[in-house]
């Protein structure tokens, strides 16, 4: 299945770390068609319709009569997921599961900006939540790190090329770069002005996450860099 399938096709579930997903503030749809997929674009150019994360369910909170909010923590931060009446299986899982528990979460990436706030919040609308073991979490961390490092390398090459917007996307389309990245990276450069300082911070984050699950460090440093630090002028 193509990652960029048209309306009605199932999108690939992307793997990325919570800290970067939390920095995302751009969402868009490729068309006005009712079933056209919605995407969240992260500062390193991941274009996410569906997301797959594995971590520790650390908290479940009742939001209202129908909805529960869960926090799924990876080595870098937390994914927030909401389950309500339209996600009965996921709601039931959150309701009966006692934190802390290793879980695998698949769902739709979402952004939300409250009317009284300038901040954009990210969340995952769950399609499935299942209990897993620590080894599954560790394998996910390694996989997410590999994808993150690859994405950063492609992004750095894009910055060095000097191409932007449609010209950059057209150049990507002549290469073997994933079509999702070919679409996401130009949008990330335009929206966030992502620079080398942020890319390096995310690279360090990914490496430290792998070191943590390998038992080589106790904790992963916070992602404190802003996406636009040292970024290109648009």
> Measuring from label point to label point, each 7 Å out along Cα→Cβ, what is the residue 127 to residue 112 span in nm?
Replying inline: 2.0
> Averaged over all directions, how much area does the convex hull of the C-alpha atoms of the chain cover when projected, in nm²?
Replying inline: 13.5
> Roughly what % antiparallel, to the nearest 5, for the DSSP beta bridges in the chain?
Replying inline: 90
> To the nearest µm²/s, what D does Stokes-Einstein give for segment 1-110 at 37 °C and 0.692 mPa s, using the Kirkwood radius over alpha carbon pairs as Rh?
Replying inline: 221
> Counting pairs of alpha carbon atoms under 8 Å apart in space and at least six apart in sequence, what relative contact order in percent does segment 139-213 give?
Replying inline: 50
> Where does helix 134-161 land angle-wise versus the long Cα axis of the chain, in degrees 0 to 90, nearest 10?
Replying inline: 20
> Comparing 16, 223, 205, which has the greatest mean-square fluctuation in the GNM of the chain with Cα pairs linked when under 10 Å apart?
Replying inline: 223
> Just 221, 193, 70 to compare: in a GNM of the chain, with alpha carbon springs under 10 Å, which one fluctuates most?
Replying inline: 221
> Hey, in the GNM for the chain with a 10 angstrom Cα cutoff, which one of 207, 63, 124 fluctuates hardest?
Replying inline: 63
> How do the peptides 37-46, 21-30, 169-178 rank, highest first, by the average count of neighbouring beta carbon atoms within 10 Å per residue?
Replying inline: 37-46, 21-30, 169-178
> Expressed as a whole number of Å, what is the distance separating the alpha-carbon centroids of segment 102-140 and segment 160-234?
Replying inline: 20
> Could you give the length gained on full extension between residue 30 and residue 224, defined as 0.36 nm per residue of separation minus the Cα-Cα distance, in nm?
Replying inline: 66.7 nm
> What number, rounded to the nearest 500 deg cm²/dmol, is the helix-based mean residue ellipticity at 222 nm of the chain, given -39500 (n - 2.57) per DSSP H run of at least four residues and division by all its residues?
Replying inline: -11500 deg cm²/dmol
> Got the relative contact order for the chain handy, in percent, Cα pairs under 8 Å and 6 or more residues apart?
Replying inline: 20
> How many times 2.2 N^0.38 Å is the alpha carbon radius of gyration of segment 139-213?
Replying inline: 1.15
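Computed from the coordinates by the stated procedures, all read-outs in this text should not be read as laboratory data. Bear in mind that the values here come from a model prediction, so they are computed numbers and not experimental data. Using ideal geometry, Cβ is built from the backbone for each residue, glycine included, and neighbour counts are taken over all protein chains shown.
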